[in-house]
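Below: the structure, in structure tokens.
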Amino acid sequence: MTASLEVLSVEKKIEDFLLGPINLKLESGTVTALVGNNGAGKSTLLKTIMQLARQDMGEVIVFGSNTNQDDESWKKQIAYQPQTLMGCDSFTGNELKVLFSKWYPNWDDNWFGNMVDTFDIPMNKKYGKLSQGNQQKLLASLTLSKNAQLLILDEPTAHMDIVSKRKYTDFLTEWMEREDKTIFISTHQMEDIRKLADYLIFINRGQMAGKFEKDKLAQQYKRYWLAEDLPQVSIPGEIERKGLRTVTTHLPLEAEAYFLKAGMKWHAEEYIELEEAVTYLLK
Amino acid sequence: MELPVHLSKESRVPIYHQIAGQIQAMIASGQLAPGAPLPSIRTLSKDLEISAITTRRAYQDLELEGFITTIQGKGTFVAKVEESLIRSVKIKSVQQAMEKSIESALQQNYTFEEIETIFAELIEELKIKKGGKG
């Protein structure tokens, strides 16, 4: 598989906040979620990739082109969706569509019409007068219709209602059916992660805190309901215990060997929910 | 189309194996007929809330074993499966279900002899209910 995006030892200092060094590589045909608490540096990383903030160190490579150059044609291969669109408050949806469709050579008008109809966006209203939810739906429609190879989305569902979120997930899924598309999405919504992501990248206080294949992440943790009280000391890989007999570990094999050796039986075991695994990693 | 696949968090069987096994059973029982379309990898991944990597692995196994075929640009379809393969899947799925029941009886501290008795009684009951069929 070929790389859509490579971030190599990128560092960016903003006042006393230091992002990086960040190293990551997204392969085409994959969806990667960027996960981190508020202020972890997710938006800064995405802006740096788009060169809206220039990195102090390191390189960003988009489809083989270094972004640190005067030629900005690499930008047409990316559809970036910021949290808010600056300087567009006085334009209507229809006017924005004309502007966007001119700039992007692969603009897909049918797709745009379909999203606008599905989301029922008032296209004659000025962007600044739309509700936050409708602004986000319009922005999402404009972004996907660029039909670029790489989508970079900064919390695209933060203001959407439940039904719209579901529809948006379906649109992104359909969009990924097209050949060799890649999505990099920063989000706080578990549903986005559960339904869309193949990989999760964690970022914590500006630092990379790990990259995981989604299904392997939840399977790293296992919970056991024991037949007798747990010992006072921690068991191997112990993360959390509830009551005297329920314990969660990130080293299931070692924990089971320990239980067997101690002659401890358990009634039930299960892999934990993805949401719990994500929470453990963000703590 | 939606597939009634159910993933278990308790099971030690890997997720891709669970998916492949359940689709095999649907094909063997005729619930999925030859030529029937299967959901795309992305759609099934979304529905089951798993990564496309896992779903792809399940589809690859099913394709290797001859249960499904992928036609470039058209999608994935149920293949025409040989009768002998269907028979072995059926036997395997019945065996697995029974094994699971026996395991749960053993967990309740029943002996094998007691389990045999329960089993024989159940068979007698079912014979009466179903009017002595089979």
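Yes or no: residue B:68 β-branched (Val, Ile, Thr) and closer than 25 Å to residue A:198 by Cα?
yes
Restricting to the range A:241-283, name every residue that is at negative phi, more than 14 Å from every other protein chain (Cβ to nearest Cβ) and in a loop (DSSP other than H, G, I, E, B).
A:244, A:245, A:250, A:251, A:262, A:264, A:283
Only one of B:100, B:90 is over 30 Å from residue A:227 (Cα atoms), part of a helix (DSSP H, G or I) and not assigned by TED's automatic domain parsing to the domain that holds residue B:36; which?
Every option except B:90 fails the conditions.
Kindly establish whether residue A:196 is under 21 Å from residue A:150 (Cα atoms), surrounded by 19 or more Cβ atoms within 10 Å (Cβ to Cβ) and of a type outside the set (Phe, Trp, Tyr).
So residue A:196 fits the description; yes.
Sort out which residues of the range A:228-240 are surrounded by 12 or more Cβ atoms within 10 Å (Cβ to Cβ) and not in a strand (DSSP E or B), and write them in order of number.
A:228, A:230, A:234, A:235, A:236, A:237
Within the range A:182-189, is even one residue closer than 29 Å to residue A:3 by Cα, in contact with a Lys or Arg (Cβ under 7 Å, 6 or more places away or on another chain), at pLDDT 95 or above and within 13 Å of another protein chain (Cβ to nearest Cβ)?
Checking the range A:182-189: not a single residue is closer than 29 Å to residue A:3 by Cα, in contact with a Lys or Arg (Cβ under 7 Å, 6 or more places away or on another chain), at pLDDT 95 or above and within 13 Å of another protein chain (Cβ to nearest Cβ).
Pairs needed: first member in the range A:86-111, at pLDDT below 95; second member anywhere, crowded, with 16+ Cβ neighbours inside 10 Å and of a type in the set (Val, Ile, Thr); C-beta distance under 9 Å; at least 6 residues apart or different chains.
Once the first residue is at pLDDT below 95 and sits in the range A:86-111, its partners that are crowded, with 16+ Cβ neighbours inside 10 Å and of a type in the set (Val, Ile, Thr) give A:100/A:143.
If a residue must be part of a strand (DSSP E or B), surrounded by 19 or more Cβ atoms within 10 Å (Cβ to Cβ), more than 14 Å from chain B (Cβ to nearest Cβ) and among the aliphatic types (A, V, I, L, M), how many such residues does the range A:18-44 contain?
5
Can you name the residue in the range B:51-78 that is within 15 Å of residue B:25 (Cβ to Cβ) and modelled with pLDDT of 95 or more and is also surrounded by the fewest Cβ atoms within 10 Å (Cβ to Cβ) among such residues?
Once the filter is applied, the top-ranked residue is B:61.
Is there a residue in the range B:84-105 that is within 11 Å of another protein chain (Cβ to nearest Cβ), more than 17 Å from residue B:13 (Cβ to Cβ) and not hydroxyl-bearing (Ser, Thr, Tyr)?
no
Does the range A:195-240 hold any residues that are within 13 Å of chain B (Cβ to nearest Cβ), under 27 Å from residue A:167 (Cα atoms) and among the hydrophobic types (A, V, I, L, M, F, W, C), and which are they?
A:196, A:197, A:200, A:212, A:217, A:218
Take the residues in the range B:44-70 that are facing another protein chain (nearest Cβ under 7 Å) and hydroxyl-bearing (Ser, Thr, Tyr), then tell me which one is farthest from residue B:88 (Cα to Cα).
Of all residues in the range B:44-70, those facing another protein chain (nearest Cβ under 7 Å) come to B:46, B:49-54.
Adding the requirement that they be hydroxyl-bearing (Ser, Thr, Tyr) leaves B:51, B:54.
Values: B:51: 29, B:54: 25 Å.
Among them, the one singled out is B:51.
Can you name the residue in the range B:7-43 that is hydrophobic (A, V, I, L, M, F, W, C) and more than 14 Å from the chain's Cα centre (by Cα) and, of all such residues, is nearest to the other protein chains (Cβ to nearest Cβ)? Before the answer, list the steps.
From the range B:7-43, those hydrophobic (A, V, I, L, M, F, W, C) are B:7, B:13, B:15, B:19-20, B:23, B:25-28, B:32-33, B:36, B:38, B:41; that's our starting set.
Still in the list and also more than 14 Å from the chain's Cα centre (by Cα): B:33, B:36, B:38, B:41.
Numbers: B:33: 24, B:36: 19, B:38: 14, B:41: 9 Å.
Only one residue fits best here, namely B:41.
The values are calculated or read from the model by the stated rules, or taken from the named source; none is laboratory data. Worth saying up front: this structure is predicted, and the values here are computed from it rather than measured. Cβ: placed from backbone, ideal geometry, glycine included. Neighbour counts: every protein chain shown.
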